[in-house]
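What follows is a single structure, written as structure tokens, with notes after it.
Bear in mind that the values in this text are calculations on the coordinates, not laboratory data. Please read all numbers here as calculations on a predicted model, not as lab measurements. Cβ sites come from the backbone with ideal geometry, for glycine too, and all protein chains shown count toward neighbours.
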Amino acid sequence: MDATWLDDALLALGDSECGRLARAHDWASGPLGDPATWPSELRAAVTLCFSTRFPVVVAWGPSLTMVYNDGYRDMLGSGKHPAAFGASFETVWDEIWDEIGPLCDEVLATGQPVWRVDMPLLMHRSGYDEETSFTFSYSALRDDDGTVQGVLDIAAETTALVVAARRLDTISDLASRLFEIEGSAQDVVDAAMEVLATSADVADAELWLEHGSGADDVEVVRGTTGAGPGLVPVEVLEAVARGRHVVEHDGVVVHALGALRRDVTGALALRPASRRPLDGGNREFQALVASKLGNAIGVTLAHEREVDHHRSVSEVLQRAMLPEALPPGRWHVHYQPAESSLEVGGDWYDVVPLGEERSGVVVGDCVGHGLEAATHMGQLRAAARALLLTGHGPAATLEGLDRYARTVPGAEFTTVVCAVVDEGTGELTYSAAGHPFPLVVGADGHQWLRGGRGGLLALLDAPRTEATHLLRPGDALLLYTDGLVERRGESLRTGLERLASVGAPVVRDADRRELGELLSRAMRPDGASDDIALVLYDAAPVATATSLGTGVGLAAAP
């Protein structure tokens with residue numbers, strides 16, 4: 001038989017690289033022998049291979065000798081072609097034979113095709129270990145007597161698609177993670193580094209950020225994916241950040257962060273993973289990461305400034321509504337705004353000197369937050385003070401507040417506890433409108449004051465009752481709002497039990513200068529989700545009490 005069939009098959013390749021290679025190849029001296037002697041199915045497979053631009057390789061005989069077209073040539077990288085033409089399939093793909101060899105054996109043994117989609121393969125085809133993915137089918141090739149003698153491999157490299165999808169997932173994860181953050185710029189940087197540390201496309205990352213409104217208000221924030229030194233000198237990061245450009249430094253690509261304010265500069269240094277080339281797709285991925293980070297940091301800093309401004313205004317307004325002066329010696333107060341709230345709260349307190357060693361005290365909590373709650377709080381505090389100063393006792397004071405709250409929409413349902421203390425005799429008279437129980441802490445234990453109970457303000461049209469309790473020397477009376485004891489998802493009873501077991505020892509033993517902070521921290525170690533107002537009265541002078549004014553931390557009277 002002659003070989004004109006091969007000449008005809010090669011016409012489809014024209015003067016391509018594989019066409020020239022096939023025409024020059026010494027077939028007769030190789031494992032496949034003279035093409036004129038090839039079985040009909042091998043001829044048909046080679047003709048198909050040469051007639052299509054889709055990547056195809058024919059592997060035939062005991063060594064699975066390879067014949068491939070120009071489409072398959074690209075899959076061989078820069079290191080395997082042209083030596084792979086006419087070579088053993090196993091020898092050419094030795095580094096991945098553990099993965100694809102069993103598939104070839106399955107086809108040769110059963111004659112049944114195999115199919116894989118986006119199969120990951122770590123190839124060494126261009127001088128380095130390269131992460132790749134392929135979708136391919138192996139089909140059996142038979143000789144003229146029907147015996148399986150070879151494999152037809154029709155393949156498509158899907159590396160670009162798989163890597164692009166993975167990079168898109170990284171960008172999506174980064175955006176989702178940064179969107180959830182309500183903290184500082186450092187929190188954003190740390191979260192970004194955590195996401196990038198898990199990315200298969202990033203070997204190492206470093207972020208440098210500088211922001212501030214003036215020379216005395218500049219903050220530098222940095223983060224890395226590893227524990228070692230930075231990827232590039234700080235001078236390079238600063239130059240890129242201020243120049244808003246991209247540079248490469250010892251295999252690291254440094255990008256300026258995008259979408260930043262004038263008073264914010266930043267740079268992101270990325271060392272790409274070694275198993276993917278630093279090609280256009282990789283650079284585009286890095287630029288998108290830098291853009292997303294710049295946008296997230298810009299939003300975070302703007303939000304941080306807004307939060308600081310609102311919180312400052314809120315705290316100033318809140319404190320302006322709290323009493324400044326306290327009776328000397330035994331009274332101590334603490335106010336702590338909710339950590340997550342930017343609005344003025346409805347928690348309030350007042351201590352009113354009544355003369356003849358008597359003092360009135362009121363602690364209340366209006367419903368809601370914001371200016372409306374603050375207005376109600378201020379009106380109720382003023383009304384309670386006026387009632388106490390005109391000689392009303394605790395129950396009569398609450399009855400007066402009931403009447404007042406019915407005339408002010410939004411003031412109803414406020415909780416209040418009102419008490420009068422005779423500092424000379426230690427007699428305490430008190431009444432409560434739906435407010436948490438006062439707590440008396442002494443040297444030998446604690447006691448809840450459960451008398452004088454009544455409903456929330458304006459809820460019922462019924463006389464208020466009051467109760468009395470004799471405070472002994474050394475006793476401490478604690479009045480507080482529910483922010484100290486309530487937690488989401490648990491009952492008020494549980495919070496009160498925690499105050500007795502955890503808070504009472506703090507009240508008993510702590511220095512009065514630190515008590516408010518220590519008690520709040522002991523009761524709400526994860527931070528307070530609601531405002532906390534505390535008033536503490538010592539039934540005997542405490543030598544360590546110090547005047548600190550009102551505000552965060554415990555304050556004693558001057």
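Which loop-located trypsin sites (Lys or Arg not before Pro) does the range 392-496 contain, where loop means any DSSP state but H, G, I, E or B and the Cβ has at most 13 other Cβ atoms within 10 Å?
In loop regions of the range 392-496 (DSSP not H, G, I, E or B), the sparsely surrounded trypsin sites (Lys or Arg not before Pro) are Arg450, Arg488.
Loop-only check: which chymotrypsin sites (Phe, Trp or Tyr not before Pro) in the range 123-202 are DSSP coil with at most 14 other Cβ within 10 angstrom?
Answer in residue order: Tyr128.
When the chain is fully extended, how far beyond the present Cα-Cα distance does His124 get from Ser40, taking 0.36 nm per residue of separation? Please report the intermediate quantities before stating the final value.
Numbers: separation 84, 0.36 × 84 = 30.24 nm, distance 3.44 nm.
Between His124 and Ser40, full extension yields 26.8 nm more.
Where does helix 97-110 land angle-wise versus the long Cα axis of the chain, in degrees 0 to 90, nearest 10?
Helix 97-110 and the main axis of the chain meet at about 60 degrees.
Write out the trypsin sites (Lys or Arg not before Pro) in the range 43-80 meeting two conditions: DSSP loop, and at most 11 other Cβ atoms within 10 Å of their Cβ.
Sparse-neighbourhood loop trypsin sites (Lys or Arg not before Pro): Arg53.
For q = 0.19, 0.29 Å⁻¹, what log10 I(q)/I(0) does the range 17-67 give under the Debye formula with an equal point scatterer on each alpha carbon and no solvent?
Ignoring solvent entirely, the Cα scatterers give -0.65, -1.45.
Can you figure out the FRET efficiency of Leu389 with Leu168, using R₀ = 60 Å and their beta-carbon distance, to the nearest 0.05?
Calculated transfer efficiency: 0.30.
As an exercise, use a Förster radius of 60 Å and the Cβ-Cβ distance of Phe54 and Arg222 to find the FRET efficiency, rounded to the nearest 0.05.
Details: r = 50 Å, r/R0 = 0.83.
About 0.75, to the nearest 0.05.
Beyond 20 Å, what percent of the Cα pairs of the range 332-447 remain?
43
Which value in nm describes the separation of the simple spin-label points at Val502 and Ala109, placed 7 Å from the Cα toward the beta carbon?
For the pair Val502/Ala109, the computed spacing is 6.3 nm.
What nm distance separates the two modelled labels at Glu95 and Ala12, each placed 7 Å from Cα along Cα→Cβ?
For Glu95 paired with Ala12, the spin-label model returns 3.1 nm.
Calculate the tail of P(r) for the range 9-135: the fraction of all Cα-Cα distances greater than 22 Å, expressed in %.
35
Run lengths n ≥ 4 of DSSP H only: what is the helix-derived mean residue ellipticity at 222 nm for the chain, with -39500 (n - 2.57) per run over all residues, to the nearest 500?
-10500 deg cm²/dmol
Ignoring solvent entirely, what values of log10 I(q)/I(0) come out of the Debye formula for the range 101-208 at 0.09, 0.19, 0.24 Å⁻¹ when each Cα is a single scatterer?
Result of the Debye calculation: -0.43, -0.98, -1.22.
Would you please report the Å³ per residue occupied by the convex hull of the alpha carbon atoms in the range 150-255?
For the range 150-255, the hull spanned by Cα atoms encloses 163 Å³ per residue.
What length, rounded to one decimal in nm, is gained on full extension from Ala197 through to Ala302, with 0.36 nm per residue of separation minus their alpha-carbon distance?
Details: separation 105, 0.36 × 105 = 37.80 nm, distance 2.65 nm.
Roughly 35.2 nm would be gained on extension.
Can you pull the three principal axis extents for the Cα set of the chain, in Å, largest first?
Sorted largest first, the three principal extents are 129, 55, 45 Å.
How far is helix 371-389 tilted, in degrees, relative to the longest principal axis of the Cα atoms in the chain, given as a value from 0 to 90 rounded to the nearest 10?
Rounded to the nearest ten degrees, it is 20.
For the range 388-537, restrict the atom set to alpha-carbon positions and state the Rg and Dmax in Å.
Rg then Dmax for the range 388-537, in Å: 15.8, 45.
Given the Cα-Cα distance of Leu161 and Arg403 and 0.36 nm per residue of separation, how much length would full extension add, in nm?
Gain on extension, Leu161 to Arg403, equals 79.9 nm.
Rounded to the nearest 10 degrees, what's the angle between the helix 159-179 long axis and the longest principal axis of the chain, both from Cα atoms, 0 to 90?
With both axes taken from Cα atoms, the answer is about 10 degrees.
Modelling each spin label as a point 7 Å along the Cα-to-Cβ direction, I'd like the Thr494/Asp511 distance in nm, to one decimal.
Label at Thr494, label at Asp511, 3.4 nm between them.
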